[in-house]
Amino acid sequence: MNLTRHDALALDAADPLAPLRAQFDLPEGQIYLDGNSLGVLPRATAARVQAVVTQEWGQGLIGSWNSAGWMTLPQRIGDRIAALVGAGDGELVVADSTSVNLFKVLSAALRLQQADAPQRRVIVSERSNFPTDLYIAESLARDHGCTLRLVAGPQDLVAALGPDTAVLMLTHVNYRTGWLHDMAALTAAAHAAGALTVWDLAHSAGAVPVALKADGADFAVGCGYKYLNGGPGAPAFVWVNPRHVDRFSQPLSGWLGHAAPFSFVPGYQPAAGISRYLCGTPPVLSLAALECGVDTFHAAAPMGGMGAIRAKSLALTRLLIALVDARCAGQGLSLVSPRDDARRGSQVCLSRAEGAYAIVQALIARGVVGDFRAGDAAERLPDILRFGVTPLYTRFVDVWDAVEHLRQVLDSAEWQQPTFQQRKAVT
């Protein structure tokens, strides 16, 4: 590829989404390609959280549960996220963590199947699915007398579905590879086999268009601190298809999921609809920050919304792949992410037989922030250098500069310095 840095700047000048970058407080001199792990800080967040602390909490005190609408934050922000993932108002709530919400919906799915088709005792997923999803599935499989069946890759999923399958559980965009599953096709295949679907949207909500209802999905969970820019540890979200939502209550029957939380009666009666998937008291400060993050997406609506965001994401990842092919040839890098636009999320994952962790550390020292994901030789999973693009703030020139830094790190063997070999707690 002969594209120059000047060409990349010209692409940025013509980018209709370029003004959205001004919504974020980005560190000077840093190229941030890790929004798929932790989104950057929206400029509105600090003032909003300060107002909640000093005014709503500091002055309003307990009255703010009513006057400031604290109690309905999970539903209000849920409706804003629902618009990004193809769900309707009143169908999605913000609560707890992705892992906790996965426990809720996978439990509900297994209970549905045990009521309707007790012979179905298998949960199907990918071997390379995010570990917390597999750990939760292992635990629930054990408790429900089920088996967790892991397949090698997306090409094996449909064949793994059968008369014993209870649930197909997948992360919509695979965290290791960036593979974007065909939600509609796989949901249809699961339903044809008599199975239900549970989708983890951690790496797709806010990054790629999602159509939960149109695609017929049964359950979904997602993350608030990645592409949604809600801040470290931001609350997650949970969605249940309306056709299932009132059939069972989820297992974490906390007081906020009760039909009348302030009746304070001893017997549990689940709320109607998705509110029964709430559990404990809403984390107001974290919710206020998440609301600012979600609002940054709605600013894109006049510019084409998620369709425009997806188009820019694909242009950015295509550019990154093409530049690595051209400028880092012969350096032992292999593309792990799909080249096919239709199957690629908003990240580019590379592998290298030697030095993947150290290369990422050398890039971070230069101000190019990606991340590393360890492989597993026993499972034939390579070490991964992972670069996420967030179209709301990632520029074409950022991609050009990042690949130039990667070329220099490899050409100079800079990554071999001892300081870059030292493993940190968070990789």
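The values are calculated or read from the model by the stated rules, or taken from the named source; none is laboratory data. These numbers come from a predicted model, not from an experiment. FYI the Cβ positions are ideal-geometry reconstructions off the backbone, even for glycines, and counts take in every protein chain you see. These area figures cover heavy atoms from the full protein model, side chains too; ligands, DNA and RNA do not enter into them. Shrake-Rupley method; radii C 1.70, N 1.55, O 1.52, S 1.80 Å.
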Going by the conditions given, is residue 293 of a type outside the set (Lys, Arg), assigned to a loop (DSSP other than H, G, I, E, B) and either over 18 Å from the mean Cα position of the chain (by Cα) or buried (at least 20 other Cβ atoms within 10 Å of the Cβ) (or both)?
no
Quick check on my filter: what residues within segment 92-112 are open to solvent by 10 Å² or more (accessible area, probe 1.4 Å) and among the polar types (S, T, N, Q)?
97, 98, 99
Give me the pairs, please: first residue somewhere in segment 180-201 and free of Cβ contacts under 8 Å to residues at least 12 places away in the same chain and within 13 Å of residue 158 (Cβ to Cβ), second residue anywhere and among the hydroxyl-bearing types (Ser, Thr, Tyr) and open to solvent by 10 Å² or more (accessible area, probe 1.4 Å), beta-carbon distance under 6 Å, and either six or more positions apart or on two chains.
none
What tally of residues in segment 265-313 results from selecting those that are hydroxyl-bearing (Ser, Thr, Tyr) and in contact with a Lys or Arg (Cβ under 7 Å, 6 or more places away or on another chain)?
1
Do you know which residues across segment 74-91 are open to solvent by less than 20 Å² (accessible area, probe 1.4 Å) and closer than 12 Å to residue 224 by Cβ?
74, 77, 78, 81, 84
Within segment 339-390, tally of residues that are in contact with a Gly (Cβ under 8 Å, 6 or more places away or on another chain), farther than 18 Å from residue 317 by Cα and not hydrophobic (A, V, I, L, M, F, W, C)
5
Does segment 118-138 contain any residue that is open to solvent by 10 Å² or more (accessible area, probe 1.4 Å), of a type in the set (Gly, Ala, Ser), at pLDDT below 95 and more than 21 Å from the chain's Cα centre (by Cα)?
no
Residues in segment 53-69 that are in a helix (DSSP H, G or I) and either acidic (Asp, Glu) or open to solvent by 20 Å² or more (accessible area, probe 1.4 Å) (or both) total 11
I'm checking my understanding of the structure. Among residues of segment 380-402 that are among the β-branched types (Val, Ile, Thr) and crowded, with 22+ Cβ neighbours inside 10 Å, which one is farthest from the chain's Cα centre (by Cα)?
399
Can you list residue pairs whose Cβ atoms sit under 7 Å apart, with the first residue in segment 328-344 being within 19 Å of residue 184 (Cα to Cα) and the second being open to solvent by less than 50 Å² (accessible area, probe 1.4 Å) and hydroxyl-bearing (Ser, Thr, Tyr)? Count only pairs 6 or more apart in sequence or on different chains.
344/317; 344/337
Single unsatisfied condition, residue 226 versus (1) touching a residue at least 40 places away in the same chain (Cβ under 8 Å); (2) in contact with a helix residue (DSSP H, G or I) (Cβ under 9 Å, 6 or more places away or on another chain); (3) open to solvent by 10 Å² or more (accessible area, probe 1.4 Å):
(2)
Within segment 323-350, can you find the residues that are open to solvent by less than 10 Å² (accessible area, probe 1.4 Å) and in a loop (DSSP other than H, G, I, E, B)?
328, 337, 345, 346
Residue 93 vs. criteria in contact (Cβ under 8 Å) with a residue 60 or more places away in the chain and assigned to a helix (DSSP H, G or I)
no
Set 365, 413, 353, 311: member being in contact with a helix residue (DSSP H, G or I) (Cβ under 8 Å, 6 or more places away or on another chain), surrounded by fewer than 20 Cβ atoms within 10 Å (Cβ to Cβ) and small (Gly, Ala, Ser)
365
So which residues in segment 271-282 are open to solvent by less than 60 Å² (accessible area, probe 1.4 Å) and either farther than 22 Å from residue 82 by Cβ or in a loop (DSSP other than H, G, I, E, B) (or both), if there are any at all?
271, 278, 279, 280, 282
Among 265, 324, 284, 336, which is the only one that is of a type in the set (Val, Ile, Thr) and modelled with pLDDT under 95?
265
Could you check segment 319-363 and list, in sequence order, the residues that are within 25 Å of the chain's Cα centre (by Cα) and acidic (Asp, Glu)?
340, 341
Residues in segment 101-152 that are without any contact (Cβ under 8 Å) to a residue 40 or more places away in the chain, of a type in the set (A, V, I, L, M, F, W, C) and in contact with a Ser or Thr (Cβ under 9 Å, 6 or more places away or on another chain): how many?
9
Scan of segment 237-270 for residues that are under 18 Å from residue 282 (Cα atoms), in contact (Cβ under 8 Å) with a residue 12 or more places away in the chain, open to solvent by less than 60 Å² (accessible area, probe 1.4 Å) and not in a loop (DSSP other than H, G, I, E, B), ordered by number
237, 238, 239, 256, 257, 258, 270
Identify the single condition in (1) over 25 Å from residue 391 (Cα atoms); (2) out of contact with any Ser or Thr (no Cβ under 7 Å at 6 or more places or on another chain); (3) of a type outside the set (A, V, I, L, M) that residue 209 does not satisfy, given that it satisfies every other one.
(1)
